[in-house]
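The values are calculated or read from the model by the stated rules, or taken from the named source; none is laboratory data. Please read these numbers as outputs of a predicted model, since none were measured by experiment. Cβ placement follows ideal geometry from the backbone for every residue including glycine, while neighbour counts extend to all protein chains displayed. The accessibility values were calculated without ligands, DNA or RNA, using every heavy atom of the protein model including side chains. Shrake-Rupley method; radii C 1.70, N 1.55, O 1.52, S 1.80 Å.
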Amino acid sequence: MADLATVVEAIPARKSLLDGKMKQSSSKLGIVAFLAALLGGLGYIAFHVSKDLDNVVVTSVWPYVLLALALIIALGFEFVNGFHDTANAVATVIYTHSLSPNVAVVLSGICNLAGVLLSTGTVAYAVITLLPVELILQVSSGAGFAMVFALLIAAILWNLGTWWLGLPASSSHTMVGSIIGVGLANQLMSPHGGASGLDWQQVVKVLKALLISPVMGFALAGILILASKQFIKFPSLYEAPKDNQPPPFPIRALMVLTCTGVSFFHGSNDGQKGMGLIMLILIGTVPTAYALNHAVSPMQTQDFISASQYAGQILDEHVDKTVVPSSDPRAEVTAYIRTQQLQPATVLSVKALVENVNREVVLYKAFKSVPAKDQTNVRNDMYLTSEALRLMAKNHNPGFTATETAALNSYKSKLDKATRFIPDWVKVAVALALGLGTMVGWKRVVITVGEKIGKDHLTYAQGACAGIVTMATIFAADQFGLPVSTTHILSSGVAGTMSASGSGLRMSTVRNIAAGWVFTMPAAALLSCLLYMVFRSIS
């Protein structure tokens, strides 16, 4: 890491093209717009949180202290995420002087907000499924809080360290590494030992997306810059910025478009990574308000009841009638999800959970009417049923026909709608944290991306090609519900355009970015593993 220190120390010493830009007066309009968005967002959050908590009976202030602390840490992760990932989104548009920093950050924040608000939450809960099932079910326990605090603090510490060094490290790699560390620590500390609590198939699926996407970014951006030189004969497009002057209008419009697109898709993918954890915090501290989706309409509730009854009938046709029912179907299904070993009583236990949930919903006629003391149990039964159906469909189909599979998938989607939801105020909070983080810490990563990857300064075409490839890659990942790294895709895209253009690469910077790519996950895993063990010992 000595080379990294040399590279980083050289960043402020070497005159940057941004130095003159930063000496100019700040955009007062941009600052005012951001402050207005911040105040409006905080007001929106406060109103909806107070509305959600209207019917919550306060018996102790302690859960709310934990809630506030956990939310501050979770939003702190998103704030630091803004240093890295959102800073990459604005790097090219700021570096090429297409927009002033304050205006670019505000535009990026708005686009992030739009991306977050329009996201489905699929990526958020894809990350959550990496966690051991017993910790998800016991999120309100000491182990649950130890999990949340350990993985978030580990992620923040690593992200702050790499940001301080000006290294475009990946918040996605950091979060996944932290989750893996917590999962391993939980299994090492549990009586049954081993690492069965981690869904390794899901882990491998996520790791493949994180590892392959930068390679795609490098190759596709290189191909795109070569194709543009062949077919787009516009010499100014292939020049570096001159002084502090903005580029010609067509180029400026292209740069703003790529910034807008990368920011939007960043919000739709990266912005979700902390949202699932925030939901676990809310469920663990205020289950009455957040364990079940109270926004499900009466008509949707009736559809759920019908689908639940049909799912019970389908499962009943595939149970082994000679098997003695388990006295604890929840424990039986939990064991199936944890070990992924289908037992004779598994299908029968899943059927029992389906019937239990249906009985509760029929009795109370709406999710929000389920008594506070039962909300967590109903949610856990729904979550276990959904995960069990997912695993059976993927690995252990007990003989479902195509029609039955479609019906069970439809039922699973209704279960997920009731449990895997994200309130709009959470999305607004995450978007604000990302935007504020970008406003505070954008410069270090922007200079690294713009000036330290290639031997020559980044041209307009190189920035645009890297941005277009980043947009497309994140969009594709969204469709499959996979988390990817905006940081590594854009950085590798810039490297790909530099290499294809013959500009040459600063191998010391590339080597250290690659080192961050390799070491981020194991370092974050080690940090979160140690923190989890410490927190468990005192909880």
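Within the range 453-463, can one find any residue that is in a loop (DSSP other than H, G, I, E, B) and at pLDDT 85 or above? Taking every residue of the range 453-463 in turn, none turns out to be in a loop (DSSP other than H, G, I, E, B) and at pLDDT 85 or above. Of the residues making up the range 176-192, not a single one is within 13 Å of LEU130 (Cβ to Cβ), more than 18 Å from the chain's Cα centre (by Cα), buried (at least 18 other Cβ atoms within 10 Å of the Cβ) and modelled with pLDDT under 75. The listed residues are GLY481, GLY493, GLY437, and the only one of them that is of a type in the set (Gly, Ala, Ser) and outside any helix (DSSP H, G or I) turns out to be GLY481.
Within the option set LEU75, LEU157, LEU130, LEU99, being part of a loop (DSSP other than H, G, I, E, B), among the hydrophobic types (A, V, I, L, M, F, W, C) and either open to solvent by 10 Å² or more (accessible area, probe 1.4 Å) or free of Cβ contacts under 8 Å to residues at least 24 places away in the same chain (or both) holds for one residue only, LEU99. Scanning the range 362-393 for residues that are without any contact (Cβ under 8 Å) to a residue 24 or more places away in the chain and part of a helix (DSSP H, G or I), we see that the one that is surrounded by the fewest Cβ atoms within 10 Å (Cβ to Cβ) is LYS373. Just to be sure before I move on: is VAL445 open to solvent by 50 Å² or more (accessible area, probe 1.4 Å), at pLDDT below 90 and in a helix (DSSP H, G or I) in the structure I sent? No: the conditions fail for VAL445. Restricting attention to the range 478-515, the residues being crowded, with 24+ Cβ neighbours inside 10 Å, in contact (Cβ under 8 Å) with a residue 60 or more places away in the chain and hydrophobic (A, V, I, L, M, F, W, C) number 6.
Would the range 460-472 turn up any residue that is within 26 Å of HIS97 (Cβ to Cβ), hydrophobic (A, V, I, L, M, F, W, C) and in contact with a strand residue (DSSP E or B) (Cβ under 9 Å, 6 or more places away or on another chain)? No: zero hits. When the range 22-63 is limited to residues that are among the charged types (D, E, K, R) and part of a helix (DSSP H, G or I), the one that is modelled with the lowest pLDDT turns out to be LYS23.
For the range 248-303, the tally of residues that are aliphatic (A, V, I, L, M), assigned to a loop (DSSP other than H, G, I, E, B) and either without any contact (Cβ under 8 Å) to a residue 60 or more places away in the chain or open to solvent by less than 10 Å² (accessible area, probe 1.4 Å) (or both) stands at 3. Candidates in the range 217-237 are the residues that are outside any loop (DSSP other than H, G, I, E, B) and free of Cβ contacts under 8 Å to residues at least 12 places away in the same chain; of these, the one that is least open to solvent (accessible area, probe 1.4 Å) is ALA227. Within the range 203-216, is there a residue that is under 27 Å from the mean Cα position of the chain (by Cα), of a type in the set (D, E, K, R), surrounded by fewer than 19 Cβ atoms within 10 Å (Cβ to Cβ) and at pLDDT 75 or above? Yes, that holds for at least one residue. Within the range 43-67, the residues that satisfy the criterion of being touching a residue at least 40 places away in the same chain (Cβ under 8 Å) and closer than 21 Å to LEU277 by Cα are TYR44, ILE45, HIS48, VAL49, ASP52, LEU53, PRO63, TYR64, LEU66, LEU67.
When ALA525 is tested against (1) assigned to a helix (DSSP H, G or I); (2) open to solvent by less than 10 Å² (accessible area, probe 1.4 Å); (3) in contact with a Gly (Cβ under 7 Å, 6 or more places away or on another chain), just one condition goes unmet, and that condition is (2).
The single residue among ALA429, ALA477 that is touching a Leu at 6+ places or on another chain (Cβ under 7 Å) and closer than 30 Å to LEU71 by Cβ turns out to be ALA429. Note on the range 304-357: among residues that are assigned to a loop (DSSP other than H, G, I, E, B) and among the small types (Gly, Ala, Ser), the one that is surrounded by the fewest Cβ atoms within 10 Å (Cβ to Cβ) is SER327.
The set of residues in the range 368-406 that are at pLDDT below 90 and among the aromatic types (Phe, Trp, Tyr) contains only PHE400. Can you name the residue in the range 107-126 that is surrounded by 24 or more Cβ atoms within 10 Å (Cβ to Cβ) and aliphatic (A, V, I, L, M) and is also farthest from GLY183 (Cα to Cα) among such residues? The qualifying residue farthest from GLY183 (Cα to Cα) is VAL116. Report yes if THR419 is under 30 Å from VAL378 (Cβ atoms), open to solvent by less than 30 Å² (accessible area, probe 1.4 Å) and either modelled with pLDDT under 90 or β-branched (Val, Ile, Thr) (or both), otherwise no. Against the criterion (under 30 Å from VAL378 (Cβ atoms), open to solvent by less than 30 Å² (accessible area, probe 1.4 Å) and either modelled with pLDDT under 90 or β-branched (Val, Ile, Thr) (or both)), THR419 qualifies.
Does VAL428 count as under 30 Å from THR509 (Cβ atoms) and surrounded by fewer than 23 Cβ atoms within 10 Å (Cβ to Cβ)? Considered against the rule, which asks whether it is under 30 Å from THR509 (Cβ atoms) and surrounded by fewer than 23 Cβ atoms within 10 Å (Cβ to Cβ), VAL428 comes out as no.
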